[in-house]
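Here is the structure we will look at.
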Amino acid sequence: MMVQGKSPDEAANAARPSLVLVGAPGAGKSTVGRRVAEQLGVPFVDTDLLIEASSAMSVSDIFVTLGEPEFRRREEEAVAEALRTQRGVVALGGGAVLSAATRSRLAQHRVVWLRVSMAEAATRVGMNTARPLLLGNVRTKLSSLLDERTPLYDEVSSAVVDTSDRKLREVISDVLALATAPADRAEETQAVEDAVDV
């Protein structure tokens with residue numbers, strides 16, 4: 001079980017939502033989140049989809065026509081609303097943790113960082129034009145994003161699940177174990193070597 005538990009009890013507060021997933025593009029947040037929610041019998045919410053629904057525009061169109069600052073403003077609002085109202089599994093966009101307000105709000109929730117190596121993320125993302133920040137040299141841009149965001153994912157997460165070079169069912173099993181653990185034991189997971197290249 002490739003799960004790395006992390007520190008204090010309050011970080012694993014089992015308030016609502018039952019679980020929040022963070023991680024880089026290509027980490028598998030939406031795929032894993034949907035499957036975990038199905039297993040738990042709870043709703044699944046992707047905050048990028050909430051933004052698209054409220055804006056009547058795709059994420060890439062918002063970036064192109066309104067710019068990244070406006071997207072980040074809408075993202076912060078969507079995340080705040082999801083954390084207030086959703087009662088299931090919530091997957092955040094890869095850059096949501098850039099907001100200090102969002103990071104503060106996440107302290108009240110059980111947050112799992114789906115960690116992925118740069119090489120694996122680049123393979124999964126490929127030339128996906130729905131990810132505007134990765135257009136062009138995908139590997140270079142991913143490397144830059146990971147350098148900037150990795151400390152933030154670490155800051156907000158109460159547990160880490162490695163997704164690189166692993167079967168989807170293994171990752172889902174690990175996340176389910178964290179989601180169903182009692183709140184005061186969410187951190188008491190099996191430690192593993194912290195040797196993934198991000």
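The values are calculated or read from the model by the stated rules, or taken from the named source; none is laboratory data. Not measured: the values here are computed from a predicted model. Please note: Cβ atoms are built from the backbone with ideal geometry, for glycine as well, and neighbour counts cover all protein chains shown.
Have a look at Gly26, Gly33 and point out the one that is farther than 25 Å from Ser104 by Cβ, buried (at least 24 other Cβ atoms within 10 Å of the Cβ) and either at pLDDT 95 or above or in contact with an Asp or Glu (Cβ under 9 Å, 6 or more places away or on another chain) (or both). Can you show your working first?
Values: Gly33 fails: farther than 25 Å from Ser104 by Cβ.
On inspection, the qualifying residue turns out to be Gly26.
Among the numbered conditions (1) of a type outside the set (Phe, Trp, Tyr); (2) without any contact (Cβ under 8 Å) to a residue 60 or more places away in the chain; (3) buried (at least 21 other Cβ atoms within 10 Å of the Cβ), the only one that Glu52 does not meet is (3).
Contact map, the stretch 112-126: residues that are part of a loop (DSSP other than H, G, I, E, B) paired with residues that are surrounded by 22 or more Cβ atoms within 10 Å (Cβ to Cβ) and charged (D, E, K, R), Cβ distance under 9 Å, separation 6+ or inter-chain. Pairs shown: Val116/Asp162; Ser117/Asp162. Pairs under 8 Å by beta carbon, first residue in contact (Cβ under 8 Å) with a residue 60 or more places away in the chain and buried (at least 24 other Cβ atoms within 10 Å of the Cβ) in the stretch 90-106, partner among the aromatic types (Phe, Trp, Tyr) and part of a helix (DSSP H, G or I), six or more apart or different chains? Between residues of the stretch 90-106 that are in contact (Cβ under 8 Å) with a residue 60 or more places away in the chain and buried (at least 24 other Cβ atoms within 10 Å of the Cβ) and residues that are among the aromatic types (Phe, Trp, Tyr) and part of a helix (DSSP H, G or I), the close pairs are Val97/Tyr153.
For Gly33, indicate whether it is assigned to a loop (DSSP other than H, G, I, E, B) and closer than 26 Å to Val171 by Cβ.
Details: assigned to a loop (DSSP other than H, G, I, E, B): no; closer than 26 Å to Val171 by Cβ: yes.
For Gly33, the condition - assigned to a loop (DSSP other than H, G, I, E, B) and closer than 26 Å to Val171 by Cβ - is not met.
On the stretch given as the stretch 55-89, residues that are crowded, with 17+ Cβ neighbours inside 10 Å and closer than 19 Å to Arg110 by Cα total 8.
Within the stretch 139-147, is even one residue among the β-branched types (Val, Ile, Thr) and at pLDDT 95 or above? Among the residues of the stretch 139-147, not one is among the β-branched types (Val, Ile, Thr) and at pLDDT 95 or above, which makes the answer no.
Counting only residues that are among the polar types (S, T, N, Q) and either outside any loop (DSSP other than H, G, I, E, B) or modelled with pLDDT of 90 or more (or both), the stretch 1-23 holds 1 of them.
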